[in-house]
Amino acid sequence: MQLLNDEQYLLDLLERNQLITAQQREMIYVKREQQRQNIMMKMRDQGIDKSEFRIDLVDIVLAFNLEVRGKDGELLTEELIIRLVAEDQKLPFKKLDPLDLELDVVTKTIPQNFALRHLIVPFAVRNGVLEIAVYEPGNLGVIEDIKRANQIEVTPHLATKTDINRILSEFFGFQNSITSAESQLGDLSVDLGNLEQLVKIGSAKEISSSDKNVKAAVSHMFNYAFDERASDIHIEPKREKSLVRFRIDGILHTIYELPKVVHAAMVSRIKFLSRLDIAERRRPQDGRIKVERKGKSAEIRISTIPVSFGEKVVMRILNSEVLFQDIADIGFNERDASVYKEFVESPHGIVLVTGPTGSGKSTTLYSTLHHVASPEVNIVTVEDPVEMVYEEFNQIAVQPAIDITFANILRNILRQDPDIIMIGEIRDYDTAANAVQAALTGHLVFSTLHTNDAVTAITRLVELGVQPFLVASTMLGALAQRLVRTICPDCCEDIVMPVASLQGFGFPLPDRPEITLQKGKGCRNCRGTGYYGRSGVFEIFAMSEQIKQLTGQRASASEIQNMAKVEGMTTLKEDAWRKVVSGLTTFEEAVRVTGSN
């Protein structure tokens, strides 16, 4: 019995639960065949094979884009319908999270054709019971077939067709590619036992990077990473296997365990795509891949390095939507936004962005340059390497091998009539001196420094050898930043905490016994972590006359910081605490990124 194609059952259920009105039900019934034809035409235009249409009444209802009754702006969704059906049929609903599923359970429990035909995903074996996600609740005969074939009890859960199709496509596609590649490569004399044996790896001809199965596996991995909002992909060789890990919202998750024999072939394919030397496995290499997906472009920065059991590859995904944000959405509070706006609108001077690796400095700088970019402005960047190629900037990559360094290229940039210069990092006196010279000659300069706070940027420039009076006369100000994970909006809840338990971490606590904060309890949307996405935490100061005087007098960082606080600077801890109190992040995250004292 196909309940999801039963008009009487499904439309009755939706109307009875007030998700649609009687008038909407009548419209669906009258126009259902016309809508079916519209869906088929749309899918045909998208190049989807006719055999894959599988249109049912749920698809037709969704195509009307109906608002949920009594909830302005909230559309009726597939998940809402399937949850309702699950509740009515007294079956649990399962939101399929790829990071919670085991590749072998999904792909080796039932045949691929059977799973695709009946829209079934086995997702766990617990206490001798196989748990499966199904789309059609009336498929009792299919469930009995799975019981007999596997000689195991089966517990069905309902899931959306979209989730099931996605899991089957990604998991079976990746598994089939890996299995085929393992079969083809299994007899090769590939030895990745330890670092000294790297030179014995089979040739590029033996482990062909053009192999169709390896190609498919790499493509599946990239698609999966984009779908999961990963910022980095790690491929790590171990003694007996190879791990694929994704960094999502700043935290690494193990995604796949690959057969060891496939590792070298996948690395070769990635190196081929990024124009690296496939035969060179003893030295670190850096490259990049430009990708387009669903009409949007992104760049993937590749870094390979030899480790104990082979070559480790780390790929940083640089998404233009992340790198180029509206400055107002980065996370500045009102005061900091006003100060930073003054920096950006200044005709000349130096602005320094500080923080450790992974603190979001590139996003701040690229978003700033994107904000000021126009046909009337000549923007030149010097980077190591170029983070994201963007045609409105004139971007130069540092190449020390041919003497293109930060310092050397800066001397030539000034002959290129720039208005705004972005220097990837000030590392030495020559770069700092040339940045100061650029600012003195009427250019706006943005750069980064690796310091723990904003004020230390002044003392670091002085330590590099720049005269204090030059720092005072050219520097507009500096900001320090960190990234905190933000609370998942779908499972955010209030928690009451004793103020005494929050003491000793340096936060400006209220003078009362308890405080109400927020925390994510964990849900399907955030994979049980309680966090979804990240936001910036900042401290920012401008070079006022008082701070210029202190700089010229070689005052200590603590003296300058005290003056900056008097003038209104919010420290990293204070800004983090504001975001905790406002419900954007948690107390634990604030401690993690700003330290415990």
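So, residue 42, is that one at pLDDT 85 or above and surrounded by fewer than 15 Cβ atoms within 10 Å (Cβ to Cβ) or not?
No, not satisfied.
From the set of residues in region 356-372 that are over 17 Å from residue 316 (Cβ atoms) and hydrophobic (A, V, I, L, M, F, W, C), which is surrounded by the fewest Cβ atoms within 10 Å (Cβ to Cβ)?
372
Taking helices (runs of 4 or more DSSP H) that fall entirely within region 486-597, which contain at least 3 residues that are within 18 Å of residue 475 (Cα to Cα) and either modelled with pLDDT of 90 or more or out of contact with any strand residue (DSSP E or B) (no Cβ under 9 Å at 6 or more places or on another chain) (or both)? Before the answer, list the steps.
Values: elements: 545-552, 557-566, 572-581, 587-594.
Here the list reads 545-552, 557-566.
Between 48, 82, which is farther than 30 Å from residue 243 by Cα, within 29 Å of the chain's Cα centre (by Cα) and modelled with pLDDT under 90?
When all the criteria are applied, what remains is 48.
Among the numbered criteria (1) farther than 30 Å from residue 521 by Cβ; (2) touching a helix residue (DSSP H, G or I) at 6+ places or on another chain (Cβ under 9 Å); (3) modelled with pLDDT under 95, which one does residue 478 miss?
Exception for residue 478: condition (3).
Scanning for something of a type in the set (A, V, I, L, M, F, W, C), without any contact (Cβ under 8 Å) to a residue 24 or more places away in the chain and touching a helix residue (DSSP H, G or I) at 6+ places or on another chain (Cβ under 8 Å), does region 562-582 turn up at least one residue?
yes
Mind counting the residues in region 257-307 that are of a type in the set (Ser, Thr, Tyr) and out of contact with any Ser or Thr (no Cβ under 7 Å at 6 or more places or on another chain)?
Summing the residues that are of a type in the set (Ser, Thr, Tyr) and out of contact with any Ser or Thr (no Cβ under 7 Å at 6 or more places or on another chain) in region 257-307 gives 3.
Among the residues of region 452-460, is any buried (at least 19 other Cβ atoms within 10 Å of the Cβ) and small (Gly, Ala, Ser)?
yes
Can you list residue pairs whose Cβ atoms sit under 8 Å apart, with the first residue in region 352-380 being farther than 16 Å from residue 423 by Cα and the second being surrounded by fewer than 14 Cβ atoms within 10 Å (Cβ to Cβ) and hydrophobic (A, V, I, L, M, F, W, C)? Count only pairs 6 or more apart in sequence or on different chains.
Here the result reads none, with nothing in region 352-380 linked to a residue that is surrounded by fewer than 14 Cβ atoms within 10 Å (Cβ to Cβ) and hydrophobic (A, V, I, L, M, F, W, C).
Being surrounded by fewer than 19 Cβ atoms within 10 Å (Cβ to Cβ) and not assigned by TED's automatic domain parsing to the domain that holds residue 400: is that true of residue 273 here?
Against the criterion (surrounded by fewer than 19 Cβ atoms within 10 Å (Cβ to Cβ) and not assigned by TED's automatic domain parsing to the domain that holds residue 400), residue 273 does not qualify.
Answer yes or no: is there a residue in region 127-143 that is closer than 21 Å to residue 12 by Cβ, in contact with a His (Cβ under 7 Å, 6 or more places away or on another chain) and outside the structural domain of residue 249 (by TED's automatic domain parsing).
Yes, region 127-143 has at least one match.
So, in region 382-405, exactly how many residues are touching a strand residue (DSSP E or B) at 6+ places or on another chain (Cβ under 9 Å), among the charged types (D, E, K, R) and part of a loop (DSSP other than H, G, I, E, B)?
So the answer is 3.
Given (1) closer than 20 Å to residue 171 by Cβ; (2) touching a strand residue (DSSP E or B) at 6+ places or on another chain (Cβ under 6 Å), identify the lone condition not met by residue 249.
(1)
All but one of (1) in contact with a helix residue (DSSP H, G or I) (Cβ under 8 Å, 6 or more places away or on another chain); (2) among the polar types (S, T, N, Q); (3) modelled with pLDDT of 85 or more; (4) surrounded by fewer than 16 Cβ atoms within 10 Å (Cβ to Cβ) hold for residue 254; which doesn't?
Among (1) in contact with a helix residue (DSSP H, G or I) (Cβ under 8 Å, 6 or more places away or on another chain); (2) among the polar types (S, T, N, Q); (3) modelled with pLDDT of 85 or more; (4) surrounded by fewer than 16 Cβ atoms within 10 Å (Cβ to Cβ), residue 254 violates only (1).
Just checking, how many residues over region 519-538 are closer than 19 Å to residue 333 by Cα and among the polar types (S, T, N, Q)?
So the answer is 1.
Is it the case, given these coordinates, that residue 83 is out of contact with any His (no Cβ under 7 Å at 6 or more places or on another chain) and more than 14 Å from residue 133 (Cβ to Cβ)?
Working: out of contact with any His (no Cβ under 7 Å at 6 or more places or on another chain): yes; more than 14 Å from residue 133 (Cβ to Cβ): no.
When the stated conditions are applied, residue 83 does not pass them.
Can you name the condition, by its number, that residue 368 falls short on among (1) within 24 Å of the chain's Cα centre (by Cα); (2) part of a strand (DSSP E or B)?
(2) is the only condition that residue 368 fails.
Being touching a residue at least 60 places away in the same chain (Cβ under 8 Å) and not in a strand (DSSP E or B) is the filter here; which residues of region 230-246 pass it?
Within region 230-246, 230, 231, 238, 239 meet the criteria.
With respect to the numbered conditions (1) crowded, with 17+ Cβ neighbours inside 10 Å; (2) within 20 Å of residue 358 (Cβ to Cβ), which one is the sole condition not fulfilled by residue 395?
(2)
Go through region 10-129 and tell me which helices (runs of 4 or more DSSP H), entirely inside it, have 2 or more residues that are under 18 Å from residue 160 (Cα atoms) and out of contact with any Asp or Glu (no Cβ under 6 Å at 6 or more places or on another chain).
Those helices (runs of 4 or more DSSP H) span 57-63, 78-88, 112-118.
Kindly list the number of the only condition in (1) at pLDDT below 90; (2) part of a strand (DSSP E or B) that fails for residue 315.
Unmet for residue 315, out of (1) at pLDDT below 90; (2) part of a strand (DSSP E or B): (1).
Take the residues in region 327-347 that are small (Gly, Ala, Ser) and in a helix (DSSP H, G or I), then tell me which one is nearest to residue 535 (Cα to Cα).
Result: 328.
Under 30 Å from residue 307 (Cα atoms), under 28 Å from the mean Cα position of the chain (by Cα) and at pLDDT below 85: which single residue out of 178, 201, 167 fits that description?
Details: 201 fails: under 28 Å from the mean Cα position of the chain (by Cα); 167 fails: under 30 Å from residue 307 (Cα atoms).
Step by step, each of 178, 201, 167 is checked, and only 178 is under 30 Å from residue 307 (Cα atoms), under 28 Å from the mean Cα position of the chain (by Cα) and at pLDDT below 85.
The values are calculated or read from the model by the stated rules, or taken from the named source; none is laboratory data. For clarity, every value in this text was computed on a predicted model and none was experimentally measured. For neighbour counting, all protein chains shown are included, and Cβ atoms are generated from backbone atoms with ideal geometry for every residue, glycine included.
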